[in-house]
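Novice: After the structure tokens below, expect a handful of questions from me.
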Amino acid sequence: MSPVQRGHTAGYPTRRQLTDSPFLAAATGQTPSHRPVWFMRQAGRSLPEYRAIRADVGMLESCFTPELVCEITMQPIRRHGVDAAILFSDIVVPLKAAGIDLDIVAGVGPVVANPIRSKADVAALPTLDPSEVGAIAEAITLLTAELGDTALIGFAGAPFTLASYLIEGGPSRNLERTKALMHSDPETWNALLGRLADITITFLQTQVNAGVDAIQLFDSWAGTLSLANYREFVLPHSERVFAELAASGVPKIHFGVGTGELLRSMGEAGADVVGVDWRIPLPEAARRVGPGKALQGNLDSAVLFAGTESIENEVRRIVSEGDETMTLGATGHIFNLGHGVLPKTDPGVITATVELVHSL
């Protein structure tokens, strides 16, 4: 049984039979009926209906309210006709659920009350019980009842990126405290990433058990690392996350920003699909990743502000490059942005881009 047609997989419940999903076909080495397209951050600030529903509700409150998660996740499906929904959530949701004192501050991002700075801090980290993310599982149940034949992607933050927020106390351009701990105290570093890998695995397994059709692991800050540091300090922990999800039967996607030099190693972590940011042509990404993986990407989000002719030229180029990757050994291409939808993007432009991709 192919992953697209999967039913019961050992240890996991029966899930929807999405035999005609172009997204799942491309992700699993089959031939889709058309080029699948979805956008990172498609459910969010670019949509007026999103801004309206979130007007008086905090980000974390939204993420733990099943009905809101369902509605926000569905908004881009209704408006744009994309080939996959991605669960409305945030990478710090499992940390908050586990009991870590943090908040998402508007205009800043995640802010951690008590940053991790020592071996004792790591030892004091809580674990995540699946019941603590029951609201997310409930949202997924609502979504699978509404989505029809559209695939649902669940996601989580990779251990390194979660660690960077916990150590720095919030977003950081240089990650100086993170890298200092990584180099000066590898034992504490690996203990921390091991604990975070446990949390990530529990969060993703909960999503799979609830019915998501694919998962994406975001390593948003991995691009700040050298290849040698990535392989030594990060890759083993991401590998463990993917290994623990291998039996689920759902396609696994791995994405980071500024990770052109890391693509082969990120592919080695265990994903079926490697996301590519906008900085590197897809054929070069295919050469770096090596054969046997699908690729996802990689329109520059800013191009959506450049006008119809420029957008069409860039979309056609990326679709053509996506075709070329399959002559280089890639097993499929999923059209996406090379990052997330920018907040001021015209929703009509996004819809028109989806229609263009589907027509090619």
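The values are calculated or read from the model by the stated rules, or taken from the named source; none is laboratory data. Bear in mind the structure is a predicted one, so any value in this text is a computation, not a measurement. Glycine also receives a Cβ, built like all others from the backbone with ideal geometry; neighbour counts cover every protein chain displayed. When the accessible area is computed, the model is the full protein with side chains, heavy atoms only, and any ligands, DNA or RNA have been set aside. Shrake-Rupley method; radii C 1.70, N 1.55, O 1.52, S 1.80 Å.
Novice: If DNA, RNA and ligands are ignored and the probe is 1.4 Å, what is the ranking of 179, 252, 344, 119 by accessible area, most exposed first?
Specialist: The most accessible residue leads, giving 344, 119, 179, 252.
Novice: Now a separate question. Can you give the percent of C-alpha pairs in the stretch 94-137 whose distance is more than 13 Å?
Specialist: 61
Novice: If you line up the long axis of helix 159-168 against the longest principal axis of the chain, both from Cα atoms, how many degrees apart are they, to the nearest 10?
Specialist: 50
Novice: Residue by residue through the stretch 293-305, which ³J(HN,Hα) values in whole Hz follow from phi under the Karplus form 6.51 cos²θ - 1.76 cosθ + 1.60 (θ = phi - 60°), with glycine and proline marked x?
Specialist: 3J(HN,Hα) across the stretch 293-305, in whole Hz: 10, 7, 10, 10, x, 8, 5, 4, 4, 5, 4, 5, 9.
Novice: When Lys and Arg each count +1 and Asp and Glu each count -1, what net charge do the other residues less than 10 Å away from residue 325, Cβ to Cβ, add up to?
Specialist: Net local charge, residue 325 excluded: -2.
Novice: Run the helix sum for the chain: -39,500 (n - 2.57) per DSSP H stretch of 4+ residues, divided by residue count, reported at 222 nm to the nearest 500 deg cm²/dmol.
Specialist: Calculated mean residue ellipticity at 222 nm is -13000 deg cm²/dmol.
Novice: Quote the accessible area belonging to residue 230 in square angstrom, nearest 10, computed with a 1.4 Å probe and with ligands, DNA and RNA left uncounted.
Specialist: For residue 230, the solvent-accessible surface is approximately 0 Å².
Novice: Between the stretch 260-297 and the stretch 68-128, what is the separation of their alpha carbon centroids in Å?
Specialist: Answer, in whole Å: 25.
Novice: Quick one: 3J(HN,Hα) in Hz for the stretch 134-140, Karplus 6.51/-1.76/1.60 with θ = phi - 60°, rounded, Gly and Pro as x.
Specialist: Values per residue, Gly and Pro as x: x, 5, 5, 4, 5, 4, 5 Hz.
Novice: What does the extension gain come out to for residue 226 and residue 30, with contour length at 0.36 nm per residue minus their alpha carbon separation?
Specialist: 67.1 nm
Novice: If the viscosity is 0.692 mPa s and the temperature 37 °C, what Stokes-Einstein diffusion coefficient in µm²/s follows for the stretch 14-168 when Rh is the Kirkwood radius over Cα pairs?
Specialist: 192
Novice: In degrees, nearest 10, range 0 to 90: what is the angle between the Cα axis of helix 235-245 and the longest Cα principal axis of the chain?
Specialist: 70
Novice: Something else about it: Can you give the local net charge around residue 98? Use residues other than it whose beta-carbon is closer than 9 angstrom to its beta-carbon, Lys and Arg +1, Asp and Glu -1.
Specialist: Local charge sum for residue 98: -1.
Novice: If you place +1 on the Cβ of every Lys and Arg and -1 on the Cβ of every Asp and Glu, how big does the dipole about the Cα centre of the chain come out, in debye to the nearest 20?
Specialist: With only Lys, Arg, Asp and Glu charged at Cβ, the dipole is about 380 debye.
Novice: Using only Cα atoms, locate the centre of the stretch 189-251 and the centre of the stretch 307-360, then give the distance between them in Å, rounded to an integer.
Specialist: With the stretch 189-251 and the stretch 307-360 each reduced to a Cα centre, they are spaced 27 Å.
Novice: Moving on. Using amide H atoms built in the peptide plane, which far-off residues or other-chain residues are under 5 Å from residue 334 H to H?
Specialist: Long-range HN contacts for residue 334: 295, 296, 297.
Novice: Provide the net charge surrounding residue 268, with neighbours chosen by a C-beta distance below 14 Å and charges set as Lys +1, Arg +1, Asp -1, Glu -1.
Specialist: Around residue 268, the charge tally is +1.
Novice: Now, a different point. Mind checking the per residue accessible area of the stretch 256-360 for me, 1.4 Å probe, whole number of Å²?
Specialist: Accessible surface, normalised per residue, equals 38 Å².
Novice: Write down the accessible area per residue of the stretch 99-254 in Å², having rolled a 1.4 Å probe over the full set of protein chains.
Specialist: I get 37 Å² per residue for the stretch 99-254.
Novice: Okay, next question. To the nearest 10 degrees, how steeply does helix 308-327 sit against the main Cα axis of the chain, on a 0 to 90 scale?
Specialist: The angle comes out at about 80 degrees.
Novice: Let me ask another. Starting at the first residue of the stretch 72-79, write each ³J(HN,Hα) from the Karplus equation 6.51 cos²θ - 1.76 cosθ + 1.60 with θ = phi - 60°, in whole Hz, x for Gly and Pro.
Specialist: With the stated coefficients, the stretch 72-79 comes to 5, 5, 6, 4, x, 5, 5, 7 Hz.
Novice: Right, another one. Percent of accessible area on the chain owned by carbon and sulfur, 1.4 Å probe?
Specialist: Here carbon and sulfur together make up 51 percent of the probe-accessible area.
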